[in-house]
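Only one structure is covered here, and it is reproduced in the block below.
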Amino acid sequence: MTIIRTFEGRQPGIALPKGTIDTQMHMYLPEFPGQEGGPPLPEDAPGPEEYRRLMQWLGIDRVVITQGNAHQRDNGNLVACLRAMGPAAKGVAVITRQTSPDQLQELAEAGVVGARIMDLPGGAVDLSHLEEVDDMASQLGWCIAIQFDGSRLLEHEQRLSGLKSRWIFDHHGKFFAGVTPDSPQIEALKRLIDRGRCWFKFAGCYESSRSGGPDFEDIAAVARAMAAHAPERIIWGTNWPHNNAKTTADYPDDAALLDTVLSWLPSGEARYRALVTNPEELFGFAPADR
């Protein structure tokens, strides 16, 4: 084994409020093999049992499970994981026009409330399907999680501004070429958020940071700017089980990463919004007792 995942340790310095929702993670069950065209399954692919240990450690109460690229357009693993997690979980699936009405019904009954666009290597459905997926999602009342190289946001702004569905600009925008709060891409992002349908997800900062950890200051600067601009549109996720990590040395300390990322929110009230009320609104969870 080349990677050992951690499911316990020191408690995060920032205590998560009751009802916290992790909006970005993947999980796996052994009876579902990877599909052609996708990346390999992560080593010793962890599932519901392991994730419950992480929830207990960090203080997470609810979760949004995202279809992993390894399973491409086969949502069977996602449905099984949603059923294993029960009412604490909702899901983001991969759909196209080839997804049958019966399959859509099964997804909805399992707790799926969103569709995924992944316009990066290994993704199952790219931006060429954007309008198609948007049409389906809007009819279903689902949101769309959209991931691409945000350095190209200006090229896609017009299409994104025309979406009928609520949508998430995923993984801190993945501005691989680097941006600052004053960059035109961030001005475009603010315009998109101000149109009323866009959310911004804090997750996987290490995947696009050019300055690197432990502070990820390039990502932090943009995150702080977006949290100040639209605190009602920020959501957060662990990005567990950190599929890009291939060795134990590369595997992040989830408690330390949580503390770093949530420190970019300006107040306890802003954290409560990002962790509880914003994802409740977006994904349709029942309100938590406060």
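Restrict the check to region 14-28 and report whether at least one residue is among the aromatic types (F, W, Y) and part of a loop (DSSP other than H, G, I, E, B). Yes, region 14-28 contains at least one residue that is among the aromatic types (F, W, Y) and part of a loop (DSSP other than H, G, I, E, B). Checking the conditions here, which among A137, A93 is small (G, A, S), within 21 Å of W199 (Cα to Cα) and crowded, with 24+ Cβ neighbours inside 10 Å? That would be A93, the only listed residue that is small (G, A, S), within 21 Å of W199 (Cα to Cα) and crowded, with 24+ Cβ neighbours inside 10 Å. As an exercise: evaluate R10 against (1) more than 29 Å from W264 (Cβ to Cβ); (2) at pLDDT below 95 and give the number of the one condition it does not meet. All conditions are met except number (1).
When region 96-120 is filtered for residues that are of a type in the set (G, A, S) and surrounded by fewer than 24 Cβ atoms within 10 Å (Cβ to Cβ), the ones remaining, listed by number, are S100, A108, A110, G111.
Of all the residues in region 144-158, those that are under 11 Å from L130 (Cα atoms) and out of contact with any helix residue (DSSP H, G or I) (no Cβ under 6 Å at 6 or more places or on another chain) number 3. For beta carbons closer than 6 Å, sequence separation of 6+ or different chains, a first residue in region 273-288 that is within 12 Å of C143 (Cβ to Cβ) and a second that is surrounded by fewer than 21 Cβ atoms within 10 Å (Cβ to Cβ), the qualifying pairs are F283/V113; G284/V113.
Restricting to region 87-120, give me the number of residues that are of a type outside the set (A, V, I, L, M, F, W, C) and either touching a residue at least 60 places away in the same chain (Cβ under 8 Å) or closer than 18 Å to F169 by Cβ (or both).
Within region 87-120, the subset of a type outside the set (A, V, I, L, M, F, W, C) is 87, 90-91, 96-103, 105-106, 109, 111, 114, 116, 119.
Filter once more, so that each one left must be either touching a residue at least 60 places away in the same chain (Cβ under 8 Å) or closer than 18 Å to F169 by Cβ (or both): 90, 114, 116, 119.
Final tally of qualifying residues: 4.
Does at least one position in region 56-72 carry a residue that is out of contact with any helix residue (DSSP H, G or I) (no Cβ under 6 Å at 6 or more places or on another chain), free of Cβ contacts under 8 Å to residues at least 12 places away in the same chain and either hydroxyl-bearing (S, T, Y) or not in a loop (DSSP other than H, G, I, E, B) (or both)? The answer is yes; a qualifying residue exists.
The values are calculated or read from the model by the stated rules, or taken from the named source; none is laboratory data. Fair warning: this is a prediction, and the values are worked out from it, not measured in the lab. Using ideal geometry, Cβ is built from the backbone for each residue, glycine included, and neighbour counts are taken over all protein chains shown.
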